[in-house]
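Report on the following structure.
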Number of protein chains: 2
Amino acid sequence: MTYAVIGTGAIGGFYGARLAQAGHDVHFLLHSDYEYVASHGLQVLSCDGDFYLPHVKAYSDVHAMPRVDVVLVGLKSTNEHLLRTLLPPLLGEKTLVVLIQNGIGLEADVQSWFPGVALAAGLAFICSAKTEPGVIRHQCYGSINIGNFSCADQGLIDAVVQNFCDAGIEAHEVDYTEARWRKAVWNMPFNGMTVALRTQTDALLAHPSTRRLIYEQMMEVIGAANALGVTALDESFAHKMLQMTDDMVPYSPSMRLDYDFHRPMEIYYIYTRPIAEAHAAGFDMPRLAMLESELLFIEKGLR
Amino acid sequence: MTYAVIGTGAIGGFYGARLAQAGHDVHFLLHSDYEYVASHGLQVLSCDGDFYLPHVKAYSDVHAMPRVDVVLVGLKSTNEHLLRTLLPPLLGEKTLVVLIQNGIGLEADVQSWFPGVALAAGLAFICSAKTEPGVIRHQCYGSINIGNFSCADQGLIDAVVQNFCDAGIEAHEVDYTEARWRKAVWNMPFNGMTVALRTQTDALLAHPSTRRLIYEQMMEVIGAANALGVTALDESFAHKMLQMTDDMVPYSPSMRLDYDFHRPMEIYYIYTRPIAEAHAAGFDMPRLAMLESELLFIEKGLR
């Protein structure tokens with residue numbers, strides 16, 4: 001199978017490197033560190049064992065890349081509009097595009113731009129960061145769930161899941177809508193709250209008042225998911241997410257890193273869009289809407 | 001009439017100085033700037049005209065003060081417990097204690113400590129600050145409303161209102177519960193939000209997302225007031241408060257100043273207590289409860 005990775009960062013870079021390491025034909029689109037990676041390859045410092053790919057197929061221009069079976073999108077969703085020009089050169093008749101991004105509404109938007117393309121969500125459970133050019137630091141976890149959004153070819157979904165597994169990555173197929181909202185239960189409280197209070201996951205859970213708030217925000221996401229027909233989530237999942245986060249190292253989610261490095265924050269797909277979708281289904285999320293307002297205010301100050 | 005001022009700061013100091021200027025016998029309890037004021041008096045730099053009281057009756061110990069007709073309490077509510085020891089030496093048979101403080105539940109607590117004492121709320125509408133020892137900077141506004149909590153002697157309430165008016169201060173008697181909640185409509189959103197986002201009133205209202213949030217928080221306070229039987233407040237009052245704040249100079253409320261100067265914030269009486277009273281009446285304030293959580297987290301970081 002041939003793969004393209006758009007957005008060779010902490011997430012796209014890690015999964016693409018694993019697939020390349022396993023022998024797949026992987027084509028990496030790079031931006032800021034293209035020159036470095038073209039010369040020096042990719043290095044992955046992983047909790048599961050470091051590895052180094054001295055020669056990778058690196059590109060700075062999507063028009064030089066081939067059409068592929070599968071595109072993995074690891075782009076920041078603040079750049080989602082770039083897919084309108086980045087995707088076409090990579091798309092064959094049956095290409096599957098997997099959006100390994102955070103948020104709600106991503107696949108619907110990409111589908112509206114490319115009505116015929118086969119789309120899936122990639123839900124990554126991984127702590128990793130690109131710390132310098134060509135170097136990906138994989139700290140913990142690493143599994144990926146694939147949710148089929150619009151791919152008629154079930155065999156292609158199965159093959160991608162199998163490729164991930166063969167490359168040493170825990171991978172499963174999951175229900176699309178449930179998986180996106182399940183991930184939002186963690187993402188919506190922690191991404192924004194670590195920015196709003198300039199802190200990390202552990203401190204938020206150590207203080208009783210913010211721990212209760214995080215739980216209430218998780219329950220807003222679960223309530224929204226329920227209103228949108230996802231019946232598998234209830235308060236036990238919120239308790240499980242709190243417990244899981246208690247067991248993690250003190251962590252700065254991606255939005256906190258974006259804030260720290262003065263990069264645009266993914267407010268639209270992580271907050272604005274799910275809040276709007278829940279509202280359209282008759283469910284309001286007052287605490288998360290307040291957090292969205294605070295983040296928009298903070299982002300304005302950064303610009 | 002004889003007056004005592006407990007907490008000779010921006011508020012208590014201003015009103016006490018006006019009453020002394022008008023010829024009343026006013027006894028000032030001071031803490032950090034006692035030595036300075038005892039030697040140099042009080043200076044008021046006022047938008048209505050500066051004035052200077054070279055000799056004021058200044059005290060550092062409440063036991064040296066006489067019993068008075070009226071006690072004006074300008075203490076920060078974070079020190080409310082100090083009233084248990086500060087008040088008794090000042091109380092005669094019929095002394096009225098006026099709590100010129102922000103928040104909900106102050107009179108109920110003081111009444112529980114002094115069941116027989118006559119209490120009133122003083123709702124100050126004033127921008128002022130104590131900028132250096134013995135100097136009060138009165139920037140704008142200046143009126144005070146008196147809400148009778150437990151004073152059986154209506155003549156005493158009338159006399160205090162008259163004394164304020166005669167001293168050049170706009171003063172009215174108002175309904176106690178309505179006045180406390182009416183003031184909370186402004187106080188609850190702006191005090192905390194200027195701390196949470198390290199900003200001032202004008203920036204919060206200039207950004208559409210925080211302007212809407214401030215309005216929604218005001219409506220939570222109005223909803224709570226309605227649930228507690230205050231029928232005079234509705235959304236028109238929220239619009240009026242937004243308009244009034246638009247017309248103000250960019251302003252840092254008292255909680256923002258407390259935060260900036262690393263002083264304890266009045267979270268309990270401005271947030272915790274009204275949120276609890278509303279909850280007991282069946283009304284929840286999710287956005288303001290979230291703001292309370294953020295403030296408690298921020299305060300913990302300051303200590």
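The values are calculated or read from the model by the stated rules, or taken from the named source; none is laboratory data. These numbers come from a predicted model, not from an experiment. Glycine gets a Cβ as well: all are built from the backbone with ideal geometry, and neighbour counts include every protein chain shown. Surface areas here come from the heavy atoms of the whole protein model, side chains and all, with no ligands, DNA or RNA. Shrake-Rupley method; radii C 1.70, N 1.55, O 1.52, S 1.80 Å.
Listed here are the residues, each with its yes/no results for (1) outside any loop (DSSP other than H, G, I, E, B); (2) open to solvent by 60 Å² or more (accessible area, probe 1.4 Å); (3) not hydrophobic (A, V, I, L, M, F, W, C).
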{"site": "A:V70", "(1), (2), (3)": "yes, no, no"}
{"site": "A:H81", "(1), (2), (3)": "yes, yes, yes"}
{"site": "A:T95", "(1), (2), (3)": "yes, no, yes"}
{"site": "A:S112", "(1), (2), (3)": "yes, yes, yes"}
{"site": "A:L123", "(1), (2), (3)": "yes, no, no"}
{"site": "A:S150", "(1), (2), (3)": "no, no, yes"}
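For region A:30-51, check the following and say yes or no: at least one residue is without any contact (Cβ under 8 Å) to a residue 40 or more places away in the chain and within 20 Å of the chain's Cα centre (by Cα). Before you say what the answer is, go through the steps one by one.
Within region A:30-51, the subset without any contact (Cβ under 8 Å) to a residue 40 or more places away in the chain is A:30-31, A:34-35, A:38-39, A:49-51.
Those left that are additionally within 20 Å of the chain's Cα centre (by Cα): A:30-31.
Yes, there is a match, as at least one residue in region A:30-51 is without any contact (Cβ under 8 Å) to a residue 40 or more places away in the chain and within 20 Å of the chain's Cα centre (by Cα).
Taking B:G103 as the residue in question, decide whether it is more than 15 Å from B:A4 (Cα to Cα) and either touching a Ser or Thr at 6+ places or on another chain (Cβ under 8 Å) or assigned to a strand (DSSP E or B) (or both).
Values: more than 15 Å from B:A4 (Cα to Cα): yes; either touching a Ser or Thr at 6+ places or on another chain (Cβ under 8 Å) or assigned to a strand (DSSP E or B) (or both): yes.
So B:G103 fits the description; yes.
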Take the residues of region B:171-204 that are farther than 14 Å from B:R287 by Cβ and within 11 Å of chain A (Cβ to nearest Cβ): which is surrounded by the most Cβ atoms within 10 Å (Cβ to Cβ)? B:T199
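Considering each of A:G16, A:G7, A:G12, A:G41 in turn, give the residue that is within 30 Å of A:E292 (Cα to Cα), open to solvent by less than 10 Å² (accessible area, probe 1.4 Å), of a type outside the set (D, E) and out of contact with any Cys (no Cβ under 9 Å at 6 or more places or on another chain).
The conditions single out A:G12.
Among the residues of region B:133-149, which ones are of a type in the set (F, W, Y) and touching a residue at least 24 places away in the same chain (Cβ under 8 Å)? Step through it out loud before you land on a result.
Pass one, region B:133-149, residues of a type in the set (F, W, Y): B:141, B:149.
Within region B:133-149, B:F149 is the sole residue that qualifies.
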Within region B:242-278, of all residues that are at pLDDT below 95 and of a type in the set (F, W, Y), the one most open to solvent (accessible area, probe 1.4 Å) is B:F261
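Based on this model, can you work out whether B:H239 counts as within 24 Å of B:D175 (Cβ to Cβ), within 14 Å of chain A (Cβ to nearest Cβ), open to solvent by 60 Å² or more (accessible area, probe 1.4 Å) and at pLDDT 95 or above? Spell out how you get there, then give the answer.
Working: within 24 Å of B:D175 (Cβ to Cβ): yes; within 14 Å of chain A (Cβ to nearest Cβ): no; open to solvent by 60 Å² or more (accessible area, probe 1.4 Å): yes; at pLDDT 95 or above: yes.
It is false that B:H239 is within 24 Å of B:D175 (Cβ to Cβ), within 14 Å of chain A (Cβ to nearest Cβ), open to solvent by 60 Å² or more (accessible area, probe 1.4 Å) and at pLDDT 95 or above.
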Can you tell which of B:A120, B:A129 is under 20 Å from B:H172 (Cβ atoms) and within 16 Å of the chain's Cα centre (by Cα)? B:A120
From A:L204, A:L242, A:L257, residue being touching a residue at least 60 places away in the same chain (Cβ under 8 Å), closer than 27 Å to B:E299 by Cβ, assigned to a helix (DSSP H, G or I) and not polar (S, T, N, Q): A:L257
Take region B:207-216 and flag every residue that is at the interface with chain A (Cβ under 8 Å from one of its Cβ atoms) and either within 24 Å of the chain's Cα centre (by Cα) or assigned to a helix (DSSP H, G or I) (or both). B:S209, B:T210, B:R212, B:L213, B:E216
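Looking at B:S46, B:S60, B:S77, B:S32, which is the one that is polar (S, T, N, Q), open to solvent by 30 Å² or more (accessible area, probe 1.4 Å) and at pLDDT 95 or above? Explain how you work it out, then say what you get.
Values: B:S46 fails: open to solvent by 30 Å² or more (accessible area, probe 1.4 Å); B:S77 fails: open to solvent by 30 Å² or more (accessible area, probe 1.4 Å); B:S32 fails: at pLDDT 95 or above.
Of the residues listed, the single one that is polar (S, T, N, Q), open to solvent by 30 Å² or more (accessible area, probe 1.4 Å) and at pLDDT 95 or above is B:S60.
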Within region B:68-88, can you find the residues that are in contact with a strand residue (DSSP E or B) (Cβ under 9 Å, 6 or more places away or on another chain) and without any contact (Cβ under 8 Å) to a residue 40 or more places away in the chain? B:L82
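So how many residues does region B:264-303 have that are in a helix (DSSP H, G or I), among the acidic types (D, E), more than 8 Å from every other protein chain (Cβ to nearest Cβ) and in contact (Cβ under 8 Å) with a residue 60 or more places away in the chain?
Step one: list which residues in region B:264-303 are in a helix (DSSP H, G or I), which gives B:267-280, B:286-302.
Okay, now just the ones that are also among the acidic types (D, E), so B:277, B:292, B:294, B:299.
Next cut, more than 8 Å from every other protein chain (Cβ to nearest Cβ) only: B:277, B:299.
Narrowing the set further to residues that are in contact (Cβ under 8 Å) with a residue 60 or more places away in the chain leaves B:277.
Summing the residues that are in a helix (DSSP H, G or I), among the acidic types (D, E), more than 8 Å from every other protein chain (Cβ to nearest Cβ) and in contact (Cβ under 8 Å) with a residue 60 or more places away in the chain in region B:264-303 gives 1.
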